[in-house]
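Working notes, beginning with the structure itself.
The values are calculated or read from the model by the stated rules, or taken from the named source; none is laboratory data. Given the structure is predicted, the values throughout are model-derived calculations rather than measurements. Cβ placement follows ideal geometry from the backbone for every residue including glycine, while neighbour counts extend to all protein chains displayed.
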Amino acid sequence: MGALHSRVVTRLALIAIALVTIGCDRVTKQAATIMLAGAPARSYLGDTVRLAYAQNTGGFLSLGADWPSPVRTGVFTVGTCILLLWLLAAASRRRWSSVAMLGITLFAAGASSNWIDRVLHGSVVDFLNVGIGPLRTGIFNVADVALMLGVALVVFTEARERRNATIPPCLP
């Protein structure tokens, strides 16, 4: 019963993390829409952080923003839905480490929140830009942070597990 209880608690915690991530993204996008749309960009911390409203009809770094609308819808709405369903099915079948499951959860939550924007509005609200001088990120949102953190956690965990699998055990 202990292992079952532990799995249930872990799954409930991951669901809570996903809901909090989606909630934070939705709230910050709403705030950005209210406070930044139509307003000039705002700069903080010596121009390290900029807040500016943008609607991204494309994907990562506006990739595909100039594609015809039906193609964008197919790739970024239908394609993302299929990817998320596949990811959830794969995650439920494989025994992932806790860190990798956290990564998958963050990735799925970020992708889901951006998918909600695409379904409801046809675009994603972006509003964050960070950098120093001319070295700057593209404009992004909280869901994008969750996506990237999720990918980093999975890659880190998988690389560590593969490295550990190739290191021969020490002889006594």
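Arg95 meets each of the listed conditions (1) exposed (fewer than 15 other Cβ atoms within 10 Å of the Cβ); (2) farther than 19 Å from Arg11 by Cα; (3) basic (Lys, Arg) apart from (2). Would you confirm whether any residue within segment 122-134 is in contact with a Phe, Trp or Tyr (Cβ under 6 Å, 6 or more places away or on another chain), touching a residue at least 24 places away in the same chain (Cβ under 8 Å), of a type in the set (Asp, Glu) and under 23 Å from Leu51 (Cβ atoms)? Within segment 122-134 (the criterion being in contact with a Phe, Trp or Tyr (Cβ under 6 Å, 6 or more places away or on another chain), touching a residue at least 24 places away in the same chain (Cβ under 8 Å), of a type in the set (Asp, Glu) and under 23 Å from Leu51 (Cβ atoms)), the answer is yes, since at least one residue qualifies.
Taking segment 136-160 as the range and being within 17 Å of Ala31 (Cβ to Cβ) and of a type in the set (Phe, Trp, Tyr) as the test, only Phe140 passes. Pairs, please: C-beta under 6 Å, at least 6 apart or cross-chain, first residue closer than 19 Å to Pro134 by Cα and in segment 43-62, second assigned to a strand (DSSP E or B) and of a type in the set (Val, Ile, Thr)? Hits for this filter: Val49/Val130.
Kindly indicate which of Ala143, Ala111 is within 13 Å of the chain's Cα centre (by Cα), among the small types (Gly, Ala, Ser) and closer than 20 Å to Ser69 by Cα. On inspection, the qualifying residue turns out to be Ala111. Cys24 meets all of the listed conditions (1) in a helix (DSSP H, G or I); (2) touching a strand residue (DSSP E or B) at 6+ places or on another chain (Cβ under 9 Å); (3) within 29 Å of Ile132 (Cα to Cα); (4) of a type outside the set (A, V, I, L, M) but one, namely (2). Filtered by the rule that a residue be surrounded by fewer than 16 Cβ atoms within 10 Å (Cβ to Cβ) and either within 16 Å of the chain's Cα centre (by Cα) or touching a residue at least 60 places away in the same chain (Cβ under 8 Å) (or both), segment 64-78 gives a lone residue, Thr77. There is at least one residue in segment 113-134 that is closer than 23 Å to Thr10 by Cα and either buried (at least 16 other Cβ atoms within 10 Å of the Cβ) or at pLDDT 95 or above (or both).
Residues of segment 3-34 that are without any contact (Cβ under 8 Å) to a residue 24 or more places away in the chain, surrounded by 13 or more Cβ atoms within 10 Å (Cβ to Cβ) and over 20 Å from Leu84 (Cα atoms): Ala31 alone.
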